[in-house]
Amino acid sequence: PELRCREIPKGLQYLQVDTLNPADTNTLVTNYYQAGPGNIREHVILELVSTIMDEPVFDTLRTQEQLGYSVYNNLRNTFGVLGLSITVNTQATKYTADHVDQRIEAFIKTFVKEHLTEEKVADAIKSVSKQKLRADVTMEEEVSRNWNEILSVEYLFNRYEKDVAVLNDISLEDIKEYFCPLMVDGEKCRKFSVQVLGAKEKNEEAVDTDQDFKLNTLKLREESIEDMDKFRDSLKIHPVLYIIE
């Protein structure tokens, strides 16, 4: 079957649920910023942004602010709909999900000012181009690369060559023009924050793993989603999309 992605509405959406294990203090926050249907050029722009962001997002949120032991960003390609996400795994005994969300947003603003520079964009272009131009070392690599094209029904077996051709034509201003409405401009961005809230106090009592688990959605802010099924059904569905040009 052909799979399609739903469109996140403009503005802020929060899905907040309690942990299923009352003995677990882990809180997980993933902020997803949806761009929309993409093409090769836009995918390459986000790939550059993700590459530039890898080091500072970890250094800022993990090393400096010590929000959690696991911090990372991801380029998202969901059946042709592009986006970026930042994930932080923290402890409910140390920080609230709301605090982590605020620090992610603060990092994004700092990232634009301090890390989206001509020098770093040039370095990222060289790094990504080198990676894409590298010949497949093993048969497994070649098969995996081509098989992914078959699975996605896109069949763009020279994708890397097309990516590199686009890379050489991307400027810092191109990146900012695409990136800022995605993650910085509150009126234009489509943000979906998924937060699994850990136990605020450690509970050493064993959890019955045979019980039927049910998600407990929370209404902690105005933008919180209380009925996930109702929210999902209200969303516009994108057509079938392929990133082939």
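Observations on the structure shown:
- Checked against (1) free of Cβ contacts under 8 Å to residues at least 12 places away in the same chain; (2) of a type outside the set (Asp, Glu); (3) open to solvent by less than 60 Å² (accessible area, probe 1.4 Å); (4) under 20 Å from Phe58 (Cα atoms), Pro181 passes all but a single condition, namely (4).
- Scanning segment 75-120 for residues that are more than 30 Å from Pro22 (Cβ to Cβ) and of a type in the set (A, V, I, L, M) returns Leu75, Val81, Leu82, Leu84, Ala106, Ile108, Val112, Leu116.
- Glu154 touching a residue at least 40 places away in the same chain (Cβ under 8 Å), open to solvent by less than 70 Å² (accessible area, probe 1.4 Å), over 29 Å from Val71 (Cβ atoms) and not polar (S, T, N, Q): yes
- Residue count for segment 7-43, restricted to those that are within 18 Å of Asp233 (Cα to Cα) and assigned to a loop (DSSP other than H, G, I, E, B): 4
- Qualifying residue in segment 62-72 (condition: on the phi < 0 side of the Ramachandran plot and in contact (Cβ under 8 Å) with a residue 60 or more places away in the chain): no
The values are calculated or read from the model by the stated rules, or taken from the named source; none is laboratory data. Computed from a predicted model, the values in this text were never measured in an experiment. Note: ideal-geometry Cβ built from the backbone for every residue, glycine included; neighbour counts use all protein chains shown. Side chains are part of the model used for accessible areas, which takes the heavy atoms of the whole protein and leaves out ligands, DNA and RNA. Shrake-Rupley method; radii C 1.70, N 1.55, O 1.52, S 1.80 Å.
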